[in-house]
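Read through the structure below, which is laid out as structure tokens, and then see the notes.
The values are calculated or read from the model by the stated rules, or taken from the named source; none is laboratory data. This is a predicted model, so every value here is computed, not measured. Cβ atoms come from the backbone with ideal geometry, glycine included; neighbour counts cover every protein chain shown. Note: areas computed on protein heavy atoms with side chains; ligands, DNA, RNA excluded. Shrake-Rupley method; radii C 1.70, N 1.55, O 1.52, S 1.80 Å.
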Amino acid sequence: MKCVGIVLVSHSVELAEGLKKLLQQVQPHVPIAAAGGDNDGEIGTSAEKIAAAIESVRSEKGVAVFFDLGSALINAEMAIEGLGNPGNVLIADAPLVEGAYVAVVKAGCGESLDAVLQAARNAKNMVKR
């Protein structure tokens, strides 16, 4: 079964890789890529790393891109623009951890990109008690 791909963009290599590891335990067959850190492995983000991550999980089902902070959004937008034909690659307006978690569950159930993104957006309203 093809699934929506998930890309995790963080200023921290460790944060992106750690979240990827967690999500792979939840849904091992969902394609997940981490794009953490800048091109030198330092704190920051890289449009090139994000574009490569997108391509590594891309399918006809689409890709949902999650990010941590504002400049990660800018680099994600640049990466998508640079794809030439971005097709169904969309940025999730959702919290990185909670949004990606519910997204990977939905993706693992074979849901559409729209359903995955809607579930991720709904994660903004999660109450933690």
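At-a-glance table
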read-out	value
Matching residues, region 43-71, being closer than 19 Å to Leu96 by Cβ and either of a type in the set (Phe, Trp, Tyr) or at pLDDT below 95 (or both)	Phe66, Phe67, Leu69, Gly70, Ser71
Top-ranked residue of region 14-41 - restricted to ones that are in contact (Cβ under 8 Å) with a residue 60 or more places away in the chain and assigned to a loop (DSSP other than H, G, I, E, B), ranked as surrounded by the most Cβ atoms within 10 Å (Cβ to Cβ)	Val30
Residue within region 72-90 that is in a strand (DSSP E or B) and either open to solvent by 30 Å² or more (accessible area, probe 1.4 Å) or not hydroxyl-bearing (Ser, Thr, Tyr) (or both) present	yes
Any hit, region 100-114, residues being surrounded by 15 or more Cβ atoms within 10 Å (Cβ to Cβ), closer than 26 Å to Gly44 by Cα and more than 11 Å from the chain's Cα centre (by Cα)	yes
Cross-chain or 6+ apart pairs with Cβ under 8 Å, region 87-104 first and in contact (Cβ under 8 Å) with a residue 12 or more places away in the chain and farther than 12 Å from Lys124 by Cβ, then open to solvent by 40 Å² or more (accessible area, probe 1.4 Å) and aliphatic (A, V, I, L, M)	Ile91/Leu73; Tyr101/Leu22; Tyr101/Val26; Val104/Val26
